[in-house]
1. So which residues in region 399-417 are in a loop (DSSP other than H, G, I, E, B) and open to solvent by 40 Å² or more (accessible area, probe 1.4 Å), if there are any at all?
2. Tell me which of these GLU176 doesn't satisfy, since it passes every other one: (1) buried (at least 17 other Cβ atoms within 10 Å of the Cβ); (2) among the acidic types (Asp, Glu); (3) more than 23 Å from the chain's Cα centre (by Cα).
3. Identify, please: which residue in region 338-352 is among the β-branched types (Val, Ile, Thr) and open to solvent by 10 Å² or more (accessible area, probe 1.4 Å) and is, among those, nearest to ASP138 (Cα to Cα)?
4. Look through ASP103, ASP84 and report the one residue that is acidic (Asp, Glu) and closer than 30 Å to ASP41 by Cβ.
5. So which of LEU235, LEU260, LEU222 ends up being in contact with a helix residue (DSSP H, G or I) (Cβ under 6 Å, 6 or more places away or on another chain), crowded, with 20+ Cβ neighbours inside 10 Å and under 22 Å from ASN133 (Cβ atoms)?
6. Looking only at residues in region 53-89 that are open to solvent by less than 40 Å² (accessible area, probe 1.4 Å) and in contact with a helix residue (DSSP H, G or I) (Cβ under 9 Å, 6 or more places away or on another chain), which one is nearest to SER378 (Cα to Cα)?
7. Answer yes if at least one residue in region 90-103 is in contact (Cβ under 8 Å) with a residue 24 or more places away in the chain, surrounded by fewer than 22 Cβ atoms within 10 Å (Cβ to Cβ) and either of a type outside the set (Ser, Thr, Tyr) or farther than 27 Å from ARG309 by Cβ (or both), and no otherwise.
Amino acid sequence: MRNETAAVIIVGLLTVTCSAPDQQAMEATAQSSEGLVAFVDARIIDGTGADAIENGVLLVRDGRIEAVGTAEEVPIPLGTKRVDLGDRTIFPGLINTHGHVGDTLGLQGGNYSEENVLEHLALYARYGVTTVNSLGGDGALAGGVRAAEGSSGLDRARLLFAGPVVNAASPEDITELINEVASMGPNFIKIRVDDNLGRTRKMAPEVYGAAIEAAHTNELPLASHLFYLDDAKGLLKAGADFLAHSVRDQPVDQELIDLLIEKNVCYCPTLTREISTFVYEERPDFFDDPFFLAEADPAVIRTLEDPARQRTYQAGAPYKEALQVALANLKAVSDGGATIAMGTDSGPPARFQGYFAHIELVLMAEAGLTPIQILVASTSAAARCIGLEEVGTLEAGKLADFVVTTANPLDDITNTRTIESVWISGNEVPRQR
């Protein structure tokens, strides 16, 4: 009897001894899974240029990536919410380093408003573009829109902005204007160095030199519109921080490539800018693309199909030749080792926000870039080029901005169009217009 009693006591003590740690472990597991979402059974392209992760897991909590890796490498705590992606592909949200936001309504400019800015950012996001660097035409309200991105419910594209494009005839005047724009708190200063194929007066080197100095005095990088090779070199030598277009007048040379590398300046092709000048001289093929039509305004399409409107685009013929030069130069600059940053110059009338990013990717492929080079230029490289550290790759600690597609963009870059969902700060972007 005494032995039986002792045995009961011992078992009871063991039960108490074992149950306390078990309870603590259960509580710890519950806490570790709180707010955690695991995206599983996915192919993950992390944006760094590394090989895709097969059978990947992406853990997200509070808008940030907590872990990424294979299913064997990333344990998923009990109680974690799972999103089974069934062999779909995840890649970082696309970053448009040269777009425009808020001014266009239909086919008319001059409609800048907060409502329009927010609608355009939502449109970009639905097309998988999760960050937009708006290089010109921005009003003072852009700062407030940008400040609201800290919201836990963010589900539209992030915004960087440059304010109005700065232009003046003298160093003194441009310095004064840049000081005024700097008071808006922009991310960039934007200038234009171009004569529009000889139709306008081009900004002189002493003026753009003063502009660069004034921007830097205000601790702001300067981005420049350009067309000609000589101007690209002059801007780089003067200290410009971002070339916002392709060189389109002649083949680039080694001097330009060396300057881009030496100055650590990124080259933004904006190939769709050329397309937009002539593509509507007849009905473009993409007017039949369901991916485009899902967001297109039928009234805008009808207007662009009007023969009288189409004839106006015949004036864009010189830019057809410029596009071919731009394509060859993109390949040369990329092969030479300079950094490419995807940009579209979309946002003005008939340069369709969001959709044009996917045309840009196809044109980059036509230039000879591989799918992984194009994705890097559109994610991690793009982020670095506009000074962002928390987006552009799928790595622990980064903001959870990513796209889910049903097909693999590494097989064919047009597969970026097979978007199933877009996520910004871990929030799914609404698909309805």
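The values are calculated or read from the model by the stated rules, or taken from the named source; none is laboratory data. The model shown is predicted, which means the values in this text are computed figures rather than measured ones. Ideal geometry is used to build each Cβ from the backbone, glycine not excepted, and the neighbour counts take in all protein chains shown. Side chains are part of the model used for accessible areas, which takes the heavy atoms of the whole protein and leaves out ligands, DNA and RNA. Shrake-Rupley method; radii C 1.70, N 1.55, O 1.52, S 1.80 Å.
1. Those that are in a loop (DSSP other than H, G, I, E, B) and open to solvent by 40 Å² or more (accessible area, probe 1.4 Å): THR406, LEU410, ASP411, ASP412.
2. (1)
3. Initially, region 338-352 is screened for residues among the β-branched types (Val, Ile, Thr), giving 339-340, 344.
Now narrow it down to the ones that are open to solvent by 10 Å² or more (accessible area, probe 1.4 Å): 339-340.
Numbers: THR339: 26, ILE340: 25 Å.
Out of the qualifying residues, it is ILE340.
4. When all the criteria are applied, what remains is ASP84.
5. On the way: LEU235 fails: in contact with a helix residue (DSSP H, G or I) (Cβ under 6 Å, 6 or more places away or on another chain); LEU260 fails: in contact with a helix residue (DSSP H, G or I) (Cβ under 6 Å, 6 or more places away or on another chain).
LEU222 is the lone residue from the list that is in contact with a helix residue (DSSP H, G or I) (Cβ under 6 Å, 6 or more places away or on another chain), crowded, with 20+ Cβ neighbours inside 10 Å and under 22 Å from ASN133 (Cβ atoms).
6. The residue in question is THR89.
7. No - not one qualifying residue is present in region 90-103.
Residues checked against (1) closer than 30 Å to ASN427 by Cβ; (2) part of a helix (DSSP H, G or I); (3) of a type in the set (Lys, Arg):
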position: GLY139; (1), (2), (3): yes, no, no
position: GLY153; (1), (2), (3): yes, no, no
position: LEU160; (1), (2), (3): yes, no, no
position: ALA169; (1), (2), (3): no, no, no
position: THR175; (1), (2), (3): no, yes, no
position: VAL181; (1), (2), (3): no, yes, no
position: MET184; (1), (2), (3): yes, no, no
position: ASN187; (1), (2), (3): yes, no, no
